[in-house]
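The values are calculated or read from the model by the stated rules, or taken from the named source; none is laboratory data. These figures come from a predicted structure and were not determined experimentally. A quick note on method: Cβ atoms are made from the backbone with ideal geometry, for glycine too, and the neighbour counts reach across all protein chains shown. Keep in mind that these areas ignore ligands, DNA and RNA; they rest on the heavy atoms of the full protein, side chains included. Shrake-Rupley method; radii C 1.70, N 1.55, O 1.52, S 1.80 Å.
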Amino acid sequence: MDNNKRPADMQRINTPALAEAFIMEQVEQVRAQVGDKKVLLALSGGVDSSVVAALLIKAIGKQLVCVHVNHGLMRKGESEQVIEVFRNQMDANLIYVDATDRFLDLLAGVDEPEKKRKIIGGEFIKVFEEEARKLEGIHFLAQGTIYPDILESDGVKAHHNVGGLPEDLHFELVEPVRLLFKDEVREVGRALGLPVSMVERQPFPGPGLGVRCLGAITRDRLAALRESDAILREEIAATGMNIWQFFTVVPDFRSTGVRDGKRAFDWPVIIRAVNTVDAMTATVPEIPWAVLQKITARILEEVPGVCRVLYDLTPKPVGTIEWE
Ligand code: XMP
């Protein structure tokens with residue numbers, strides 16, 4: 001039997017009871033696979049890795065070692081939430097690595113989007129590898145591979161260390177949610193008691209805020225990006241609107257403003273919001289004018305160095321969802 005093929009008769013996990021049954025079954029399977037050995041997991045705080053972490057904590061407790069790498073490009077409060085939920089509430093074995101300076105130093109002056117992505121991805125593996133080498137007795141690597149990953153990569157991702165760890169770090173894989181679709185992973189996450197804000201989290205690219213701080217990343221613009229993004233999230237949440245993905249972007253050019261009677265030459269903030277089914281095409285939701293005005297007022301009032309707020313009205317195509 002192909003372990004990476006979803007059986008035709010597999011039921012869609014769309015109720016808490018089905019999620020519970022799945023969890024019980026996986027707990028048994030993971031225990032049987034792992035025995036008394038140790039498992040390593042890169043825990044980003046995204047839906048998939050968080051659900052795998054919670055599932056494995058239930059199955060094998062402290063035999064799971066989670067590593068959370070903060071690359072300095074997380075949204076406001078995300079790393080803190082990972083620590084709060086997994087270390088403080090679930091008592092997980094969690095290694096927190098604040099690698100902000102390493103990433104930002106490497107990225108200084110780099111303005112090409114693909115180069116930025118390569119640096120962020122490559123450095124992430126390096127930091128994770130360094131942590132893995134410090135640990136003893138790790139036999140398994142857990143991954144939040146989900147079924148669309150297997151379908152899209154024709155099974156390739158499922159058979160390799162996704163992160164691209166070097167050959168000598170040879171771990172067997174533990175991929176408990178590899179046959180699930182995203183909505184099922186969320187159902188399982190809810191049943192495992194993960195916070196709604198984590199389970200319902202919108203897609204967040206691996207390079208994080210790095211591709212939203214346009215051009216060469218600077219710490220001042222990154223701070224403006226993080227703060228404005230947090231305000232946007234707060235205000236959209238308060239409306240109860242269900243928008244697929246939304247965030248702010250800070251370009252690498254300034255604009256003239258006037259503040260306290262004096263000329264300012266500060267950064268614009270662009271609001272990007274889209275609805276989509278598969279991210280291949282996307283439409284722009286009609287956010288009520290009053291909400292946009294409130295967000296604008298708050299960003300201008302609360303975020304230093306920002307003098308202008310824009311709403312991006314471009315559907316995909318032609319504009320991609322991210323700006324770079
Ligand atoms: P675009 O910008 O191509 O985005 O319309 C489609 C979806 O993919 C996400 N995205 C990324 N995700 N690494 C990721 O993990 C990336 O480099 C990356 N670039 C774009 C984007 O947020 C959207 O959901």
Considering region 164-200 alone, what residues qualify as being within 16 Å of the ligand (Cβ to nearest atom), within 24 Å of Leu141 (Cα to Cα) and not in a helix (DSSP H, G or I)?
-> Gly164
Scanning for something out of contact with any Phe, Trp or Tyr (no Cβ under 6 Å at 6 or more places or on another chain), assigned to a loop (DSSP other than H, G, I, E, B), open to solvent by 50 Å² or more (accessible area, probe 1.4 Å) and under 28 Å from Glu112 (Cα atoms), does region 236-248 turn up at least one residue?
-> yes
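State yes or no: is Phe253 among the aromatic types (Phe, Trp, Tyr), assigned to a strand (DSSP E or B) and either over 22 Å from Gly77 (Cβ atoms) or open to solvent by less than 60 Å² (accessible area, probe 1.4 Å) (or both)? Spell out the reasoning first.
Values: among the aromatic types (Phe, Trp, Tyr): yes; assigned to a strand (DSSP E or B): no; either over 22 Å from Gly77 (Cβ atoms) or open to solvent by less than 60 Å² (accessible area, probe 1.4 Å) (or both): yes.
The answer is no for Phe253.
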Name the one entry in Asp252, Asp220, Asp260 that is over 19 Å from the mean Cα position of the chain (by Cα), modelled with pLDDT under 95 and more than 14 Å from the ligand (Cβ to nearest atom).
-> Asp260
From the option list Val97, Val52, Val30, single residue qualifying as aliphatic (A, V, I, L, M), in contact with a strand residue (DSSP E or B) (Cβ under 8 Å, 6 or more places away or on another chain), surrounded by fewer than 19 Cβ atoms within 10 Å (Cβ to Cβ) and touching a residue at least 12 places away in the same chain (Cβ under 8 Å) is Val97
Between a first residue in region 306-324 that is within 14 Å of Ala273 (Cβ to Cβ) and a second residue that is within 11 Å of the ligand (Cβ to nearest atom) and among the hydroxyl-bearing types (Ser, Thr, Tyr), which pairs have beta carbons less than 8 Å apart while being 6 or more apart in sequence or on different chains?
-> Pro315/Thr281; Lys316/Thr276; Lys316/Thr281; Ile321/Thr276
Among the residues of region 16-53, write down those that are more than 25 Å from the chain's Cα centre (by Cα) and of a type in the set (S, T, N, Q).
-> Gln29, Gln33
Would you check if Lys262 is free of Cβ contacts under 8 Å to residues at least 40 places away in the same chain, farther than 20 Å from Lys76 by Cα and of a type outside the set (Val, Ile, Thr)?
-> yes
